[in-house]
Amino acid sequence: MLYKSTRDPSGARYTSAEVVKRGIADDGGLYLPESIPTLAKDEIDKLRHVPYHERAAHILTKFLTDYSFEELLDDCRAAYRPESFPGGPAPLARLDDRLFSLELWHGPTAAFKDMALQLMPRLLTRALKKTGERRAAHILVATSGDTGKAALEGFRDIDQTRITVFYPENGVSLVQKLQMATQTGGNVDVCAVRGNFDDCQNGVKQLFSDSELALELDRRGAFLSSANSINWGRLVPQVVYYVSLYCELQNCGALRAGDRFCVCVPTGNFGNILAAYIAGLMGVPIKKLICASNLNNVLTDFLRTGRYERNRTFHKTMSPSMDILISSNLERLLYYIAGADKTREYTAKLAKTGSYLIAGEEKDKISESFIGYFADETETTAAIQDIFKKYGYLCDTHTAVAFSCAEKYRRETGDRSIIAVVSTASPYKFAGDVYRAMTGSAPAGELEAFDQLHSLTGRPIPSPLAGIGSRPIRFTTTVAREEMKNYILK
Ligand SMILES: *Cc1c(COP(=O)(O)O)cnc(C)c1O
């Protein structure tokens, strides 16, 4: 299986190992496989009866053809081991006969990014070996919260890699800060930057384009690399849990083989829902992909009108991982429905004017698979309360956006198919806001909110979050944006 760039109409092709190592194409486009492999019915029947890591290796081996099945099986077994995912990697909770919650937050950081980031670093190390790369990959991350911690946990003590995470000094929650500052591992580094997330991200972008830094790192046997969600090595592990979902829905008797169902995905950068789309292309019978947004509803508008318009007010919401106005992975969908030439045209328009319009057949094609809804802050709060009242099920703020949107979909379309809501974070990851939503009053403090929410609901606190206030702090450095380069070199 070879890969191409979304912006390149020529015949250039890359191997899977190159694609995992390079992350983004030289023309600025994103990598996609030349064709989508399919899953036969008897293959799915077999997958129904094997553990998650075997399902993962089976799917990955179709895409990552430079890797042997044994290599992938070893990596998947290590990534999804019970010590890292005590509740299992992607358990399915049944709320009623037609409403399910696919819980993707049982990993080391209590958010769904672990599903990809526990595996991707292992794929990267192998890619380095396979492409004859002797230097170490030095991963740079600018984070507004969740990604930083998940990347640290994923790259911790992984061969031939080193990772530095920069976060805005006053731009992350206390829990997120503690999660990062207490990170263990011999190859990890965490540093606060004075300023906001943009300062931090622009600082990292500058480091990536600094040829002097690249030369110096090369001299020391390293090169800079990124772990962000446009890397195919992060996307392909996400396809797996949609296949796994289809297996589990059959295993619990909710669905017969071939029956169609809907998934509702709390969406930011469009990576998670794109993985569901790809699972659909492989043969998972997904009827509709319900794209759930918060007040930053640029995708809802796009899916309804065909116009992508990023020139709009940015809202800070209680589902911060979805506070995004440019959804990078949407480019991959554009490629599938419009091809490389049009994708290049749309992305150039977006960069220049902040908007573009798709129409006609292209728009119809998108509407066949996707439908968009959004939930405002009041609706999100109401969903947290309602879902708990109705089903005794506690969900986080991002998942609540999706529950609210799933309900809107039912009401608007009258569709009575099964809906699997994708649950992207533990309610305790955003304990303060969840407590506020449940009670209407503020918790005594961000850390106190764990116990308060626990007394209120009886739901267990995930072990990676319990006791976070008493772990030793390892990283305390804060630098100005101009000092980031020196920090790396030191
Ligand atoms: C990253 C994240 C999302 C958004 O996922 P995308 O793949 O960027 O669409 C949703 N919820 C949580 C909790 C996240 O961390």
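The values are calculated or read from the model by the stated rules, or taken from the named source; none is laboratory data. In this text the structure is predicted, and so the values were computed from the model without any measurement. Don't worry about glycine lacking a Cβ; one is built from the backbone with ideal geometry, like all the others, and counts go over all protein chains shown. These accessible areas exclude ligands, DNA and RNA; they are computed on the full protein's heavy atoms, side chains included. Shrake-Rupley method; radii C 1.70, N 1.55, O 1.52, S 1.80 Å.
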**Asked** If you go through the stretch 255-269 one residue at a time, how many are of a type in the set (A, V, I, L, M, F, W, C), part of a loop (DSSP other than H, G, I, E, B) and open to solvent by less than 30 Å² (accessible area, probe 1.4 Å)?
**Response** 1
**Prompt:** Taking the stretch 330-356 on its own, how many of its residues are among the acidic types (Asp, Glu) and touching a Leu at 6+ places or on another chain (Cβ under 7 Å)?
**Reply:** 1
**Message:** Condition first: of a type outside the set (S, T, N, Q), open to solvent by 30 Å² or more (accessible area, probe 1.4 Å) and within 30 Å of residue 162 (Cβ to Cβ). Can you find one or more residues in the stretch 410-427 that meet it?
**Reply:** no
**Message:** Looking only at helices (runs of 4 or more DSSP H) that lie completely in the stretch 270-365, which have at least 1 residues being within 12 Å of the ligand (Cβ to nearest atom) and touching a helix residue (DSSP H, G or I) at 6+ places or on another chain (Cβ under 6 Å)?
**Reply:** 271-282, 330-353
**Prompt:** Looking at this structure, is residue 67 touching a strand residue (DSSP E or B) at 6+ places or on another chain (Cβ under 6 Å) and buried (at least 16 other Cβ atoms within 10 Å of the Cβ)?
**Reply:** no
**Request:** Determine, yes or no, whether residue 161 is modelled with pLDDT of 95 or more and hydroxyl-bearing (Ser, Thr, Tyr).
**Result:** yes
**Message:** Residue pairs, Cβ under 8 Å, 6 or more apart or interchain, first in the stretch 215-232 and polar (S, T, N, Q) and away from the ligand (no atom under 13 Å from the Cβ), second open to solvent by less than 70 Å² (accessible area, probe 1.4 Å) and assigned to a loop (DSSP other than H, G, I, E, B). List them.
**Reply:** 225/23; 226/23
**Prompt:** residue 419 passes all but one of (1) under 23 Å from residue 182 (Cα atoms); (2) touching a residue at least 40 places away in the same chain (Cβ under 8 Å); (3) not polar (S, T, N, Q); which number fails?
**Reply:** (1)
**Item:** Condition met for residue 207 (closer than 30 Å to residue 324 by Cα, assigned to a helix (DSSP H, G or I), at pLDDT 90 or above and within 16 Å of the ligand (Cβ to nearest atom))
**Value:** no
**Request:** Can you give me the number of residues within the stretch 130-150 that are more than 16 Å from the ligand (Cβ to nearest atom), touching a residue at least 24 places away in the same chain (Cβ under 8 Å) and of a type outside the set (S, T, N, Q)?
**Result:** 9
**Item:** The lone exception for residue 487 - which of (1) in a loop (DSSP other than H, G, I, E, B); (2) under 30 Å from residue 203 (Cβ atoms); (3) not acidic (Asp, Glu) it fails
**Value:** (1)
**Asked** In the stretch 1-30, how many are touching a Leu at 6+ places or on another chain (Cβ under 6 Å) and open to solvent by less than 30 Å² (accessible area, probe 1.4 Å)?
**Response** 3
**Request:** Could you identify the single residue in 60, 72, 39 that is in a loop (DSSP other than H, G, I, E, B), under 24 Å from the mean Cα position of the chain (by Cα) and buried (at least 17 other Cβ atoms within 10 Å of the Cβ)?
**Result:** 39
**Request:** Working only within the stretch 296-333, note down all residues that are over 19 Å from the mean Cα position of the chain (by Cα) and among the aliphatic types (A, V, I, L, M).
**Result:** 303
**Request:** Determine if the stretch 430-446 includes at least one residue that is touching a residue at least 40 places away in the same chain (Cβ under 8 Å), of a type in the set (Val, Ile, Thr), closer than 23 Å to residue 287 by Cβ and within 14 Å of the ligand (Cβ to nearest atom).
**Result:** no
**Among residues of the stretch 254-269, those that are at pLDDT 95 or above and within 16 Å of the ligand (Cβ to nearest atom), counted** = 5
**Complete:** Of the listed residues (378, 397), the one being among the polar types (S, T, N, Q) and away from the ligand (no atom under 16 Å from the Cβ) is 378
**Asked** In this structure, is residue 64 over 30 Å from residue 394 (Cα atoms) and touching a His at 6+ places or on another chain (Cβ under 8 Å)?
**Response** no
**Prompt:** Taking the stretch 198-247 as the region of interest, how many residues are of a type outside the set (A, V, I, L, M, F, W, C), open to solvent by less than 60 Å² (accessible area, probe 1.4 Å) and out of contact with any Lys or Arg (no Cβ under 6 Å at 6 or more places or on another chain)?
**Reply:** 13
**Request:** Scan the stretch 464-490 for residues that are farther than 13 Å from residue 180 by Cβ, of a type in the set (Lys, Arg) and surrounded by fewer than 16 Cβ atoms within 10 Å (Cβ to Cβ) and report the count.
**Result:** 1
**Asked** Quick one: in the stretch 86-120, which of the residues that are polar (S, T, N, Q) and under 14 Å from the mean Cα position of the chain (by Cα) is farthest from residue 238 (Cα to Cα)?
**Response** 109
**Complete:** Of the conditions (1) surrounded by 14 or more Cβ atoms within 10 Å (Cβ to Cβ); (2) modelled with pLDDT of 95 or more; (3) of a type outside the set (Ser, Thr, Tyr); (4) outside any loop (DSSP other than H, G, I, E, B), the single one that residue 45 does not satisfy is (1)
**Complete:** Checked against (1) at pLDDT 95 or above; (2) open to solvent by less than 30 Å² (accessible area, probe 1.4 Å), residue 251 satisfies every condition except (2)
